[in-house]
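For reference, the structure discussed in these notes is given below.
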Amino acid sequence: MIRDKILIVEDDPGILHFLQTTLSAAGYDVLTVETGKSAMQLISSHCPDLVLLDLGLPDMDGAEIIGAMRTWTSTPVVVVSARDTERDKADALDLGADDYLSKPFGTVELLARIRTALRHTRTGNESSELALTGQYRVDALVIDYKKHRVFIGGEDARLTPNEYRIVALLGKHPGQTLTYKYIMKELWGPAAASDNKLLRVHMANIRRKIEPNPLEPKYFFTEIGVGYRIAEEEE
Ligand code: CA
């Protein structure tokens, strides 16, 4: 079995040790570097399967690394950062990071996010079930990409075309947070309003039609100030 190779870019010795120990114990091949410059070198020379990236590095901003990487590779990047303002998260995701973990975080969460990010690369951003059946399903929710319909508990959720497009887009990135900006651009083009008010109205309607209890969402999660994420089926 070929083990996935993960590059950890982190200058804090304590966190680096924690990440290294956890990922090795989980069966990954682990490489570590402490500066942005050596990260850039290792990414091109060792082609890791995933990069775990701290934003606050001694020699450069981790965001620069994401930007540079995205000009030539789609290797998944999971940002690990103490900076956890909504702006920072949204910026990292918009630059092309696949996910964002705020320090401190636990082992279970770390490993789950890594598995999700690795799976997305393998399936070319579509879940294998979606590729096979044209459907995304999690629990009682089914998105039928051929019929352009969404079903909940076997019943047509009667979404409007815009609501369907939002759900369809999220369903193609299960478990991944899509930023407001990304969703609006995908839906309404580059000239889309920067204000996410309309999107929030659509999402409220989607939840009302789909969630058994919209106050405790089961399918559509909000990352406050960042974007939305659809539930992912456990393997
Ligand atoms: Ca740091």
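The values are calculated or read from the model by the stated rules, or taken from the named source; none is laboratory data. Please read these numbers as outputs of a predicted model, since none were measured by experiment. Methodologically, a virtual Cβ is constructed for each residue, glycine included, from the backbone with ideal geometry; neighbour enumeration extends over all protein chains shown. Each accessible area value is taken on the protein alone, full model and side chains, heavy atoms only, with ligands, DNA and RNA left out. Shrake-Rupley method; radii C 1.70, N 1.55, O 1.52, S 1.80 Å.
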### Task
Restrict the check to region 99-112 and report whether at least one residue is open to solvent by less than 30 Å² (accessible area, probe 1.4 Å), of a type in the set (Asp, Glu), touching a residue at least 60 places away in the same chain (Cβ under 8 Å) and touching a strand residue (DSSP E or B) at 6+ places or on another chain (Cβ under 8 Å).
yes
### Message
Cβ contacts < 7 Å: first residue within 16 Å of the ligand (Cβ to nearest atom), restricted to region 43-62; second residue open to solvent by 50 Å² or more (accessible area, probe 1.4 Å) and part of a loop (DSSP other than H, G, I, E, B), any location; separation 6+ or different chain. Result?
### Response
ASP54/ASP11; LEU55/ARG83; GLY56/ALA82; GLY56/ARG83; LEU57/ASP11; PRO58/ASP11
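Kindly establish whether PRO76 is of a type outside the set (Gly, Ala, Ser) and more than 16 Å from the ligand (Cβ to nearest atom).
Numbers: of a type outside the set (Gly, Ala, Ser): yes; more than 16 Å from the ligand (Cβ to nearest atom): yes.
Against the criterion (of a type outside the set (Gly, Ala, Ser) and more than 16 Å from the ligand (Cβ to nearest atom)), PRO76 qualifies.
Of the residues in region 196-235, how many are under 16 Å from ASP94 (Cβ atoms) and of a type outside the set (A, V, I, L, M, F, W, C)?
First, the residues of region 196-235 that are under 16 Å from ASP94 (Cβ atoms): 196, 199, 223, 225-229.
After this cut, where a residue has to be of a type outside the set (A, V, I, L, M, F, W, C) as well, the list is 196, 223, 225, 227-229.
Qualifying residue count for the region: 6.
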### Query
Out of region 1-21, which residues are surrounded by fewer than 17 Cβ atoms within 10 Å (Cβ to Cβ) and over 14 Å from ASP54 (Cα atoms)?
MET1, ILE2, ARG3, LYS5, THR21
### Query
Which helices (runs of 4 or more DSSP H) sit wholly inside region 7-103 and have at least 1 residues that are at pLDDT below 95 and farther than 27 Å from TYR180 by Cα?
13-25, 36-46
### Query
Do we have LEU7 as away from the ligand (no atom under 12 Å from the Cβ) and aliphatic (A, V, I, L, M) here?
yes
